[in-house]
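These notes concern the structure reproduced below.
Bear in mind these aren't lab numbers, they're just calculated from the coordinates by the rules spelled out. The structure displayed is predicted, hence computed values, not measured ones. For neighbour counting, all protein chains shown are included, and Cβ atoms are generated from backbone atoms with ideal geometry for every residue, glycine included.
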2 protein chains.
Amino acid sequence: MEKLLKEITPKSQDYSQWYTDVIKKADLVDYAPIKGFMVMKPYSYRIWEFIQAAMDRRFRETGHENAYFPLLIPEHLLIKEAEHVEGFSAEVAWVTMGGDEVLAERLAIRPTSETIIGAMYAQWIQSYRDLPVLINQWANVLRWEKATRPFLRTTEFLWQEGHTVHRSAEEAEAETLQQLGIYREILEDLLGVPVIAGVKSAGERFAGAVQTYTLEALMGDGKALQSATSHFLGQNFAKAFDIQYLDEDGVLKFGWTTSWGSTTRMIGALIMVHGDDKGLRLPPRVAPIQIVVVPIGRGADRDRVTDWARDLVNKLSGEFRIKLDDRNEFTPGYKFNDWEMRGVPLRIEIGPRDLAQKQITVARRDTGEKIVIAENMVSETLSQLLEDVQRTLFEQAVEYRASHTFSVENYQEMAHHNHRGFFLGDWCGQETCADRLKQETSVTIRCLPLGADIAGTGCIVCGQPGQHRALFARAY
Amino acid sequence: MEKLLKEITPKSQDYSQWYTDVIKKADLVDYAPIKGFMVMKPYSYRIWEFIQAAMDRRFRETGHENAYFPLLIPEHLLIKEAEHVEGFSAEVAWVTMGGDEVLAERLAIRPTSETIIGAMYAQWIQSYRDLPVLINQWANVLRWEKATRPFLRTTEFLWQEGHTVHRSAEEAEAETLQQLGIYREILEDLLGVPVIAGVKSAGERFAGAVQTYTLEALMGDGKALQSATSHFLGQNFAKAFDIQYLDEDGVLKFGWTTSWGSTTRMIGALIMVHGDDKGLRLPPRVAPIQIVVVPIGRGADRDRVTDWARDLVNKLSGEFRIKLDDRNEFTPGYKFNDWEMRGVPLRIEIGPRDLAQKQITVARRDTGEKIVIAENMVSETLSQLLEDVQRTLFEQAVEYRASHTFSVENYQEMAHHNHRGFFLGDWCGQETCADRLKQETSVTIRCLPLGADIAGTGCIVCGQPGQHRALFARAY
């Protein structure tokens, strides 16, 4: 059993297999008996709950309310916005029977809810006094995907989707960026995942959007992960669904809408950004267990140590998510591996000698460092250590990204890095160049980073004058 | 506009229409553009969030963890437990297409998840050390219903479903009853809805269960609402899905399973138990707005009063869910009606005279009573009043139920009460009597109340010796 546990493929050997090993052995997910679906086990669902709580609080503080809209969308609604249906129709699961009856109209399981929500907003909004509408929904959605991986791309996934309506384009754009800012806080401050904020090129835009903003993170294998998006929809959906309001000046006007979403995919980012060859490394703010206590010793010693450890856990459990591992059937060595695999930020070891000297030994999951703490300093020191692990994981990720980000003047330079990493280069703005790059190298434009200026070295593909500074990478 | 608002049908005139009026005018729900589906607007979704938070905390305190299982269930899994499929197959929505492809096997949208969860548990459980498994899921489910009403019976609804596995029948039965106890706390202490706990007769049992426990509440029209259920599943699902564990004695044994669920239907109970001809009456513990403040006055007076009211709201907003209604476009009278319709427990009125005398006037939604409070006593008095409204609503509901509960010796007596109310009577235990009762009167056996003894007056239908004391009622 001990041997089995250690057997995860090293990252350097096969990153994809490493990921698969970690998510299974850290007890995050299991594969469901339907292709493309996963089961979120309690350990990963708890992480999702922490993300939800932190995000939901920020949504509420910025004036948003939660609501719930139907899972199923009649086909005639789904196809009202032309670009939108083109983007999603190939990915829709269709309900065609209810009980024994064949339905007159097929019903889509929501791939996203702009259409059904738009239809409701059209009824709810009459006057400028009804605006802005600021609603969020926590829900499951389905997209019939061909190639799936737990967290990163699954047929069903959990997410939140915000849908808002405003009186002006400016207000709607401000909302779009505000929500992107919330996602950045969640990813960086909570999950320790550094991101680059940018706008999507036309070819990568959300179907039906005027502008899509994105946060792009660099994974441990040098591939990018789109980690959250926020869309300024202009009046496209307002016109398709007839979302109009009578303005103060007595004129009937179309609203300006936004939508923004983030998903359980963020857990995938967390795993890939922080994980190592021993398994997960969880930032303390989202770790279901922040500290594990392992008593060490034999016979009567062990009992004494365990009693003392139990008292310690009881004393600290109001302050930390702390767990005593008093399983008799496993050795301390097995337990160390087990909790390292699950990414618990701090491990406390207590042996007879620690007991005698009124101290505990703490091992950090992020650095491997061991620290001895005197009994009277335990609570403060553990707090500081957790803060420090949180910060260190983020800093390590920032450093990794810095050392894997390259400015390029032409796309051939990417080959020196095996097309792995973030590449910054000028782009002429032509989709033909983006297409050629993708075909030849599988590299795509991840975003046009906010505030970045062209270097003036010409489009990395065609050499023509650059219109935008772009972030290029292979992507999940 | 003022006239429109007041126009809800009186309960006594048409209860069903009253319900429909209230849920729309109190801004709880809207009908979705698909038959049988509703949209939960922010005002009702917030109530659901309070229910979720209170319930989730209790689940966690009793050792349960949340997880998430797939929305879709392959047909071959759904039909594994014979009674279960018989109970649900007519109500299932089927996905038959993914993208442009016709699926080889149709997929059911979960009507409940015993089958898919059972299939996973069979893989997860190996040894007695893996037991008990105590998992809950917050999710949406679909049942293809013919006649629907918002909250009470909709095609899609939100719920939680707990699924546990145990080493012994005793432990599983204890779990079933413990969870029923949690539901009772939520319904009575949080929602102020008194319930009768009992066991379902065989004819009313959950499909596949050995024993179904239920909580039955009496609505304002004398009909019963099944408000939550908890099922002891014996080894039925363990055998169908091969959930086995190696026990300490080295013998491979089947687990004992339970499931238990509660839904957004509880919001329907809340509305019908407490609502009156002015609209909703919300118990303070789940009221999205506990206190509304309406400034009264004209011109400069109004401005002074509004400023003072705003300060008050800011001062109290850490303690209460309190809202200032400073809308200029409505009269105080309109606002009073509006917040009464939405069931806000306390309304504070502040006029120039109140300001001069350093006092506020509070109107209770439950009793209509008005109380004048000195400025320095505001916070304590509001706390007490909210507690008192919470208690009063529950007590009124208990009184209503007491005055509408009747002991009967034969079922003809029910006609004296138009078959409305709770009827307690002896039952011989034969399903033929239950069927006859239902056919002739639409009255059904709601449950066999826990701890109730037969009166010895004979079965209310056939007159044969009674086997059980039963609770009879027409039901939603």
Suppose every Lys and Arg Cβ carries +1 and every Asp and Glu Cβ carries -1, with no other charges. What dipole size does the range B:405-473 come out with about its Cα centre, to the nearest 20 debye? 180
Test item: A:26-38 mean partner chain Cβ contacts at 10 Å: 4
Spin-label model distance (nm) - residue B:300 vs residue A:307, 7 Å beyond Cα toward Cβ: 7.9
Calculated FRET value between residue A:251 and residue A:442, using beta carbons and R₀ = 56 Å, to 0.05: 0.65
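For a quick check: sort B:315, B:335 by the number of other beta carbons within 10 angstrom, fewest at the front. Spell out each step's value before the answer.
Numbers: B:315 12, B:335 19.
Taking fewest neighbouring Cβ atoms as first place, the list is B:315, B:335.
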Give the percent of DSSP beta bridges with both residues in the range B:289-384 that are antiparallel, rounded to the nearest 5. 55
The base-10 log of I(q)/I(0) that the Debye equation returns for the range B:366-476 at q = 0.15, 0.19 Å⁻¹, one scatterer per C-alpha, is -0.67, -0.91
List A:326, B:100 from most exposed to least, where exposure is judged by having the fewest other Cβ atoms within 10 Å. B:100, A:326
Once every DSSP H run of n ≥ 4 in chain B is given -39500 (n - 2.57) and the sum is divided by its residues, what mean residue ellipticity at 222 nm do you get, rounded to the nearest 500 deg cm²/dmol? -10500 deg cm²/dmol
Sequence-distant residues sharing a close amide H with residue A:422 (under 5 Å, placed H): A:405, A:406
Distance between Cα centroids, the range A:192-215 to the range A:431-476: provide it in whole Å. 14
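Given Cα positions, please report Rg to Rh for the range B:231-305, the hydrodynamic radius being the Kirkwood one.
1.49
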Under the convention of a label 7 Å out along Cα→Cβ, give the distances in nm from residue A:298 to the same position in every other copy, shortest first. 9.5
Below 11 angstrom from the Cβ of residue B:456, what's the summed charge of the other residues (Lys, Arg +1; Asp, Glu -1)? -2
I'd like the distance between the alpha-carbon centres of the range A:126-146 and the range A:283-351, rounded to an integer number of Å. 43
At what distance in nm do the modelled label points of residue A:62 and residue B:171 sit from each other, each positioned 7 Å from its Cα along Cα→Cβ? 4.7
Which ³J(HN,Hα) values in Hz, rounded to whole numbers, follow from the phi angles of the range B:447-454 under the Karplus curve 6.51 cos²θ - 1.76 cosθ + 1.60, where θ = phi - 60° and Gly and Pro get x? 5, 9, x, 4, x, 8, 9, 5
Rg followed by Dmax, in Å, when the range A:294-413 is reduced to its Cα trace: 18.7, 69
In Hz, Karplus ³J(HN,Hα) per residue of the range A:335-346 (6.51, -1.76, 1.60; θ = phi - 60°; x = Gly, Pro): 5, 4, 4, 4, 6, 5, 4, 7, x, 4, x, 10
For residue B:103, enumerate residues with amide H under 5 Å from its amide H, sequence gap 5+ or separate chain, H modeled in the peptide plane. B:97, B:98
Just the Cα atoms of the protein assembly as shown, one point each, no solvent: what log10 I(q)/I(0) does Debye give at q = 0.10 Å⁻¹? -1.36
What does chain B give for Rg and for Dmax, in Å, if only its C-alpha atoms count? 25.3, 85
Arrange B:433, A:459, B:462 by Cβ neighbour counts within 10 Å, fewest through most, would you? B:462, B:433, A:459
Binned at 5 Å from 0, what are the whole-percent values of the Cα-Cα distance distribution for the range A:2-274, short to long? 1, 5, 12, 15, 18, 16, 13, 9, 6, 3, 2, 1, 0, 0, 0, 0
Please get the size of the charge dipole for the range A:11-92, origin at its Cα centre, with Cβ charges of +1 on Lys and Arg and -1 on Asp and Glu, quoted in debye to the nearest 20. 440
